[in-house]
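K.L.:
Dumping the structure here so I can ask a few things about it.
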There are 2 protein chains.
Amino acid sequence: MSQTKPIILTGDRTTGPLHIGHYVGSLKNRLQFQEDHEQYLLLADTQALTDNADNITKVSSNVLEVALDYLAVGVDPVKTTICLQSHLPALAELSMLYLNFVTVSRLERNPTIREEIRARNFGRDIPAGFLCYPAAQAADITAFKATIVPVGDDQAPLIEQTNEIVRRINATASVDVLPEVTAVIPKMGRLPGINGKAKMSKSLGNALLLSSSPEDISAAVKQMYTDPNHLRVEDPGQVEGNVVFSYLDAFDEDHQAVEELKAQYRHGGLGDMVLKRRLEGILQDLLRPIRKQRMHLSKDLGYVRDVIKEGTDRARNITDATYRDVSNALGLFRI
Amino acid sequence: MSQTKPIILTGDRTTGPLHIGHYVGSLKNRLQFQEDHEQYLLLADTQALTDNADNITKVSSNVLEVALDYLAVGVDPVKTTICLQSHLPALAELSMLYLNFVTVSRLERNPTIREEIRARNFGRDIPAGFLCYPAAQAADITAFKATIVPVGDDQAPLIEQTNEIVRRINATASVDVLPEVTAVIPKMGRLPGINGKAKMSKSLGNALLLSSSPEDISAAVKQMYTDPNHLRVEDPGQVEGNVVFSYLDAFDEDHQAVEELKAQYRHGGLGDMVLKRRLEGILQDLLRPIRKQRMHLSKDLGYVRDVIKEGTDRARNITDATYRDVSNALGLFRI
């Protein structure tokens, strides 16, 4: 890996196997990034603990699931370093250090954290690790000296928080020991769940997993939310909020054909079944090789473990070196 | 070191050389503890950063000073493991883990933290690391599986916080992977500063350092606060709040003689000069061998560094093993 390639950090909390929302939102981009970036892919098990301390089994049992998803879609462990967060001590060391450079009230003001606290109904019982996770995320990013981090548009404040910490560390050290980071917000927005809800999530029961069987795919497309007022084929139908069209936008590579279908649907005379058959064909074609590769790999979990182990060893060297760089630049005692 | 000895953790923030208040409050006890306990002595540089992120040089430049003080008073590196907090990654790893098992509001309710936040005039700008330091302290204690921690009486809530975390970890793991800890509050209370203020502190300019020269000692005793209304030798004097008597209580081993002097002082007819001469003699005798040993050691800082390095290596093995124990007991993913 050449040091001249830009460094990108990305990853997933290991709270469940990945779904097609992950595919369009991030996985597909990572296949591009690994060609011309030095890409690190973090299996974020310790971050997942910040709101799953009461369900650690969920977090640990999904490490291999997420790694399988990565490999099945085509993440190449030679080009991309897949590594496990809980086995990189420098991430914890940098996190603890950075917590001294951010105030409690600044963390509480972070819009992403405020929204996520609301969504989780923590009330007054916010785990301290959850409030502090922007500092931990800054540690993750900077430990790899990443300059590019892909994030959802709701997460841009976390990157701003990272850069504030970077600037404070560099100012305190009087040297630019850490680079600032640029958030890359994917063109493709968040894919809705098959029931039309804004968020696709396994726990909400509205997700289509990458590991889905042909029957799962078929059933999911059948259930898919369209326009509830589009009762007869000849009626005009609504495209906005129609999940089938959202998915065609995301997965159908023939954009012109999709635009024509939208026009026809709006005008009336195009049935949901025609659209769903088209979408199902596309999803079956997309997921067939992924499912096949995933099943193949799942028979050799020793290989998947080795990929994680080797990637984590490589990442440990890099992140340990960064912690040393930062400690030395700040003037901590050396032995 | 036999594993049957009780394990004790203690230490000091590396924010300045130690003074005679540390001697009576903790150092003297440590000389006892090292004979029949497995004693770990933490040079707490990362904890010192929680309120000194703007003055890291102070923290790092005092690591060797505190270690010199330890060795000069007779801490034996064969019996006591002297180790450096910032070089023990498991302490950060356990801290980050424990932050998921304590809520923000619980940290904010901690009486010690509330008082210390007030004392430091942080206002709304509390560094997150400062609010979180009870979890970090729980990490320090449990990483060594210590069951005994000497603390000032104002710090007992921190030990209660540690035990709450221990119980939550053990309950989550369904096994007692960590022992609960007992706070030992030293019989000798806090030594006042030479000006009579409740706290002796180098930064308040009212401390007598262990490294003080004979002239420093002499000058300090001369300045020492007595009874401002005790103007003539024959007047009755006040013993309470009289620093010379506080110090005689702490350092004069002839307790009966001290009680007689107190009676005479209360009655009238005993001058401050007589008392101060007595105290000065005792302090000169106490500090002479410490100063001599400190000067001797300060000519061989390589040895002092080696003591810290060897102790830290030993402590790293122990604390890493604890992090593995805790991770495995909680069911985190293993590679």
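K.L.:
Can you give the angle from 0 to 90° between the axis of helix A:255-267 and the longest principal axis of chain A, with both taken from C-alpha atoms, to the nearest 10?
P.N.:
Long axis of A:255-267 versus the principal axis of chain A: about 50 degrees.
K.L.:
Would you mind computing Rg(Cα) / (2.2 N^0.38 Å) for the stretch A:1-115, counting N as its residues? Can you show the working numbers first?
P.N.:
Numbers: Rg = 15.6 Å, N = 115, 2.2 N^0.38 = 13.4 Å.
Relative to the 2.2 N^0.38 Å estimate, the stretch A:1-115 comes out at 1.17.
K.L.:
Taking a label point 7 Å out from Cα toward Cβ, give me the nm distances from B:Asp254 to the same spot in the other copies, shortest first, one decimal.
P.N.:
So the label point of B:Asp254 gives 10.8 nm to the other copies.
K.L.:
Just how large is the dipole of the protein assembly as shown about the Cα centre, in debye to the nearest 20, putting +1 at every Lys and Arg Cβ and -1 at every Asp and Glu Cβ? Provide the component values of the computation, followed by the final result.
P.N.:
Working: 76 positive and 86 negative charges, 22 e Å.
Rounded to the nearest 20 debye, it is 100 debye.
K.L.:
Right, another one. Within 11 Å, Cβ to Cβ, of A:Phe251, how many net charges do the neighbouring residues add up to if Lys/Arg are +1 and Asp/Glu are -1?
P.N.:
Numbers: positive: A:Lys28, A:Arg278; negative: A:Asp249, A:Asp252, A:Glu253, A:Asp254, A:Glu280, A:Asp285.
Surrounding charge for A:Phe251 is -4.
K.L.:
How far is the Cα center of the stretch A:288-314 from the Cα center of the stretch B:294-328, in Å?
P.N.:
Measuring centre to centre over Cα atoms gives 39 Å.
K.L.:
Output, in nm with one decimal and in ascending order, the distances from the A:Asp285 label point to the matching label points of the other copies (7 Å from Cα along Cα-to-Cβ).
P.N.:
9.7
K.L.:
Let me ask something else about it. HN-Hα J couplings of the stretch B:17-32 from phi, Karplus 6.51/-1.76/1.60, θ = phi - 60°, integer Hz, Gly and Pro as x?
P.N.:
Values per residue, Gly and Pro as x: x, 7, 10, 5, x, 5, 4, 6, x, 9, 4, 4, 5, 5, 5, 6 Hz.
K.L.:
Right, here's the next one. Tell me the label-point distance for the pair B:Asp176, B:Val274, using the 7 Å Cα-to-Cβ offset, in nm and rounded to one decimal.
P.N.:
5.8 nm
K.L.:
Follow-up. Using the Kirkwood radius built from alpha carbon pairs, what does the Stokes-Einstein equation give as D for the stretch A:212-296 at 37 °C and 0.692 mPa s, in µm² per second?
P.N.:
On the way: Rh = 13.4 Å.
Using the Kirkwood radius from Cα pairs, D works out to 245 µm²/s.
K.L.:
Is there a simple number for the mean count of other chain Cβ atoms within 10 Å of the Cβ of residues in A:47-55, and what is it? Display every interim value, and only then the final one.
P.N.:
Working: counts 1, 1, 7, 3, 1, 1, 10, 4, 1.
For peptide A:47-55, the averaged partner shielding equals 3.
K.L.:
Under the Karplus relation 6.51 cos²θ - 1.76 cosθ + 1.60, θ = phi - 60°, what is the ordered set of whole-Hz ³J(HN,Hα) values for the stretch A:233-245, x standing for Gly and Pro?
P.N.:
With the stated coefficients, the stretch A:233-245 comes to 3, 6, 5, x, x, 9, 8, 5, x, 7, 4, 4, 5 Hz.
K.L.:
Take every residue in peptide A:101-110, count the Cβ atoms of other chains within 10 Å of its Cβ, and give the average of those counts.
P.N.:
For peptide A:101-110, the averaged partner shielding equals 5.
K.L.:
For A:132-139, what's the mean count of beta carbons from other chains sitting within 10 Å of each residue's beta carbon? Numbers along the way, then the final one.
P.N.:
Numbers: counts 9, 3, 1, 4, 2, 0, 0, 2.
Per-residue shielding by partner chains comes out at 3.
K.L.:
Around B:Leu210, what is the net charge, scoring Lys/Arg as +1 and Asp/Glu as -1 over all other residues with Cβ under 13 Å from its Cβ? Don't skip to the answer; put the middle values down first.
P.N.:
Working: positive: B:Lys28, B:Lys202, B:Arg288, B:Arg291, B:Lys292, B:Arg294; negative: B:Asp12, B:Glu65, B:Asp69, B:Asp216.
It works out to a net charge of +2.
K.L.:
Springs between alpha-carbon atoms under 10 Å, Gaussian network over chain B: tell me which of B:Lys58, B:Lys199, B:Lys299 tops the mean-square fluctuations.
P.N.:
Highest fluctuation among the options: B:Lys299.
K.L.:
Please list the non-local residues whose amide H lies under 5 Å from the amide H of B:Arg13, H modeled 1.01 Å from N, same-chain partners needing a gap of 5 or more.
P.N.:
Hits under the 5 Å cutoff: B:Ala44.
K.L.:
Here's another thing I want to ask about it. What is the dipole size for chain A, taken about its Cα centre, with +1 at each Lys and Arg Cβ and -1 at each Asp and Glu Cβ, in debye to the nearest 20? Write out the running numbers ahead of the final one.
P.N.:
Numbers: 38 positive and 43 negative charges, 104 e Å.
That gives a dipole near 500 debye.
K.L.:
Any idea which of B:Leu84, A:Thr312, A:Tyr40 is furthest toward the positive side of the dipole for the protein assembly as shown, if Lys and Arg beta-carbons carry +1 and Asp and Glu beta-carbons -1?
P.N.:
A:Thr312
K.L.:
Still on this model: How big is the dipole moment of the stretch B:1-131 about its Cα centre under a simple scheme where the beta carbon of each Lys and Arg is +1, that of each Asp and Glu is -1, and everything else is neutral? Debye, nearest 20, please.
P.N.:
340 debye
K.L.:
If you don't mind, another one. State, to one decimal in nm, how far the label point of B:Asp36 lies from the label point of B:His296, with both points 7 Å from Cα in the Cβ direction.
P.N.:
Simple spin-label model gives 2.8 nm for this pair.
K.L.:
Using amide H atoms built in the peptide plane, which far-off residues or other-chain residues are under 5 Å from A:Leu208 H to H?
P.N.:
Close amide H contacts, sequence-distant or interchain: A:Ile20, A:Gly21.
K.L.:
For B:Leu270, what residues show an amide H to amide H distance below 5 Å, using hydrogens built from the backbone and excluding near sequence neighbours?
P.N.:
none
K.L.:
Same structure, new question: Arrange the following residues from fewest to most other Cβ atoms within 10 Å of their Cβ: B:Arg232, B:Arg291, B:Arg120. If you can, show how the numbers build up before the last one.
P.N.:
Values: B:Arg232 9, B:Arg291 20, B:Arg120 12.
Listing B:Arg232, B:Arg291, B:Arg120 from fewest to most nearby Cβ atoms yields B:Arg232, B:Arg120, B:Arg291.
K.L.:
Another question about this same structure. Taking the label point as lying 7 angstrom from Cα along the Cα-to-Cβ axis, what are the distances from A:Arg109 to the corresponding position in the remaining copies, in ascending order and in nanometres?
P.N.:
Spelled out, the distances from A:Arg109's label point are 2.8 nm.
Computed from the coordinates by the stated procedures, all read-outs in this text should not be read as laboratory data. Because the structure is predicted, anything quoted here is derived from the model rather than measured. As a convention, Cβ positions derive from the backbone with ideal geometry for all residues, glycine included, and neighbour counts pool all protein chains shown.
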